[in-house]
Amino acid sequence: MPSNKKVIITSRLDNDDALHCEFIQEVQAIAKLRVLNDFIINFDFGYQLITKMNFLFRINHLSNHFLTRIETDIKNFKTVMDFNHMKAAVHAKIENVAMPQKPMWLEIIHERNVSNDYSISLKSFPVFKRVELNEFGINLTTKTLHSILVFIFYLAPIRLISIFKK
């Protein structure tokens, strides 16, 4: 976008989730390079932290709820909250940004979640290495051996059952 063009940038974030500390910087860099008037940025890769087990998944989710909308109509803007994230493509062109080595969002699954659940699918992968989540503003490091044991004895059987039920 031309440097003199004004834009409205809105991002979707639940109050119990987190964004990578470079999320805004990445969004602004993408917005400066595009010439579209209205588009949505979707960072495909993120993490899902299951707090009960201190277990982390890396997820590739093409229609996740951490969308960012770039709009140039500053008088009649609608924001990213104007639509259901699963139907984003109906409202604007989606720019999918794949950064598998730098997940840009963190969905936290805890006992009081209203609508989120484990995203165990063929596009989610357990993270077996230690990960420090300070890039998301969280003072927590996942545990390696603990993650492997949780996956083998708890999550892998659930994943297999869900695949065979289809």
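The values are calculated or read from the model by the stated rules, or taken from the named source; none is laboratory data. The structure displayed is predicted, hence computed values, not measured ones. Glycine also receives a Cβ, built like all others from the backbone with ideal geometry; neighbour counts cover every protein chain displayed.
Could you tell me whether residue 42 is loosely packed, with under 13 Cβ neighbours inside 10 Å, at pLDDT 90 or above and either in a strand (DSSP E or B) or touching a Cys at 6+ places or on another chain (Cβ under 6 Å) (or both)?
The answer is no for residue 42.
Could you please find all residues in the range 91-111 being small (Gly, Ala, Ser) and either surrounded by 12 or more Cβ atoms within 10 Å (Cβ to Cβ) or part of a strand (DSSP E or B) (or both)?
If the condition is that a residue be small (Gly, Ala, Ser) and either surrounded by 12 or more Cβ atoms within 10 Å (Cβ to Cβ) or part of a strand (DSSP E or B) (or both), then 92 is the only one that fits.
Can you report the number of residues in the range 3-39 which are farther than 23 Å from residue 84 by Cα and either modelled with pLDDT under 90 or under 11 Å from the mean Cα position of the chain (by Cα) (or both)?
8
Give just the number: which of (1) among the basic types (Lys, Arg); (2) surrounded by 13 or more Cβ atoms within 10 Å (Cβ to Cβ); (3) at pLDDT below 85 does residue 58 not satisfy?
(3)
Note down all Cβ pairs under 7 Å where the first residue falls in the range 55-74 and is among the basic types (Lys, Arg), the second is in a strand (DSSP E or B), and they're at least six residues apart or on different chains.
58/45; 58/47; 58/125; 69/10; 69/40
I'm trying to understand the selection: among the residues of the range 80-90, which are hydrophobic (A, V, I, L, M, F, W, C), in a helix (DSSP H, G or I) and closer than 15 Å to residue 38 by Cα?
Result: 80, 81, 88, 89, 90.
Would you mind stating whether residue 81 is among the hydrophobic types (A, V, I, L, M, F, W, C), under 21 Å from residue 16 (Cβ atoms) and modelled with pLDDT under 90?
yes
Filter the range 45-79 down to the residues that are of a type in the set (Asp, Glu) and either outside any loop (DSSP other than H, G, I, E, B) or at positive phi (or both) and list them by number. Please lay out each step first, then the result.
Filtering the range 45-79 for residues of a type in the set (Asp, Glu) gives 71, 73.
71 - this is the single residue of the range 45-79 that is of a type in the set (Asp, Glu) and either outside any loop (DSSP other than H, G, I, E, B) or at positive phi (or both).
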